[in-house]
Amino acid sequence: MDFSKTFISIRTRSAFQIYDLAILVCVEYFKPLIGLLAIGAFPFILLDCWLIGWLATDYKDFRFFYWVMFLLVVSQAQIATTFMTHYLGQAMFVGRPKISTTVKEVFRAGFYFHWLHGGVRMVIPVLICCYFLSRSMEFGGGDRYLYSFFYLPTLVLLGVSFRIFRPFVSEILLLEKTPIKSKDKNVVCFNRRSIALHYRRGAVEGLVGQGVTSFVLGLFLGLAFDAGLLQVDKILNIQANSEWSYAAWYWLVALWLSVGFLCVARFLFYIDTRIRQEGWGVELQMRSESRRLSEMVL
C-alpha cells in the first residue's frame, strides 16, 4: 500500500472547499455510499416508523411527525453513518474497498464503540423518550407538548453537544483503532487521542463553528431535498394516483440524504484537522518511503 497516494490530495482546505469536495466525493462513490447509508439508516427508519409512523396518517398530529422525525434523525445521524465513515477511511488508500468488509469491521467495533454512540450520545434515551411521547399522543394525553418541545429536544441537544465537541470519535475508533484504555503513558489510547485531536489550542472554536455550520447546512439541505422530491412527485403525478400521502415519507428520505452528505463532509473535516494539527501529509510520505526502502532491502 502506497500511503503517499490517496483518493484526495493531502492539503489544507477552507470550510467551503471541504463542502465542495464532499459533493465530488459523493458523486464519485455514490453507489457504495448510498448503499451503506441505507444499511445504517434502515433499522432506525423501521424503529422510528414503528414509534411515530402513525402520526403521518393523522391530520391533527401531522405537524408532530415532521418535528419529532427531525429530532430522531438528528439524534441517530452519527451512529447510522458509521459504515460510510469506515468505507471512506479505507477508500483513502484502497480505492474501492468491499462493502462486505466494511460491514464486518463496523460490527466488530466492540461494545464500547456502540455504547459511546448509542448511550453517551443519547440515541437510546431519545428513543425511550419518543416511545413515551408516542404513547402519550396515542391516548390523547396532555404531556405531548412537554415531551415534544422540552424532554425530547433537551436530550437531542445534549447528544449533539457531545458530537460538536468530539465529532471524530468514529474515525478514531474505526480507522485509527486506538485501544480504549492503557496504563502505559506511552500508548496512545482513545481518551488521550481524542483529547489531543479535539482540544488543542484553537481547535474548540473551529469544532463549534464546523458543528453549527453543518447543522444549519444540513437543515437547509433537508428542506431542499424535500422540496425536490415533492416537485418530482408533482411532475410524475405519483400522489394523484395513490390513496396515501407521501409527503411525510419524502421528508424522511430528504433528512437521511442530508445526513449522508454531512457524514462525508465530517470525514473530510477529520482529514483536514489531522493535516493542520499533525502534518499528516508529511507523515504519510515518510511511511510510504519507509515501506519502499524496507521492500528494497528485502
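The values are calculated or read from the model by the stated rules, or taken from the named source; none is laboratory data. Please read all numbers here as calculations on a predicted model, not as lab measurements. Counting neighbours? That spans all protein chains shown, and the Cβs are built from the backbone with ideal geometry, glycine included.
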Name the residues in segment 140-179 that are of a type outside the set (Asp, Glu) and part of a loop (DSSP other than H, G, I, E, B), would you? GLY140, GLY141, GLY142, ARG166, PRO167, PHE168, LYS177, THR178, PRO179
Answer yes if at least one residue in segment 250-266 is farther than 24 Å from HIS86 by Cα, surrounded by fewer than 18 Cβ atoms within 10 Å (Cβ to Cβ) and modelled with pLDDT under 95, and no otherwise. no
Only one of SER214, SER194 is within 26 Å of PHE16 (Cα to Cα), hydroxyl-bearing (Ser, Thr, Tyr) and under 14 Å from the mean Cα position of the chain (by Cα); which? SER214
From LEU207, LEU173, LEU158, which residue is touching a residue at least 60 places away in the same chain (Cβ under 8 Å) and either surrounded by 14 or more Cβ atoms within 10 Å (Cβ to Cβ) or touching a strand residue (DSSP E or B) at 6+ places or on another chain (Cβ under 7 Å) (or both)? LEU173
Within segment 113-126, count every residue that is touching a helix residue (DSSP H, G or I) at 6+ places or on another chain (Cβ under 7 Å) and in a helix (DSSP H, G or I). 9
Could you check, for segment 230-241, whether at least one of its residues is under 19 Å from the mean Cα position of the chain (by Cα), surrounded by 13 or more Cβ atoms within 10 Å (Cβ to Cβ) and among the hydrophobic types (A, V, I, L, M, F, W, C)? no
If you go through LEU55, LEU37, LEU51, LEU71, the only one that is aliphatic (A, V, I, L, M), within 21 Å of LEU174 (Cβ to Cβ) and crowded, with 16+ Cβ neighbours inside 10 Å is LEU37
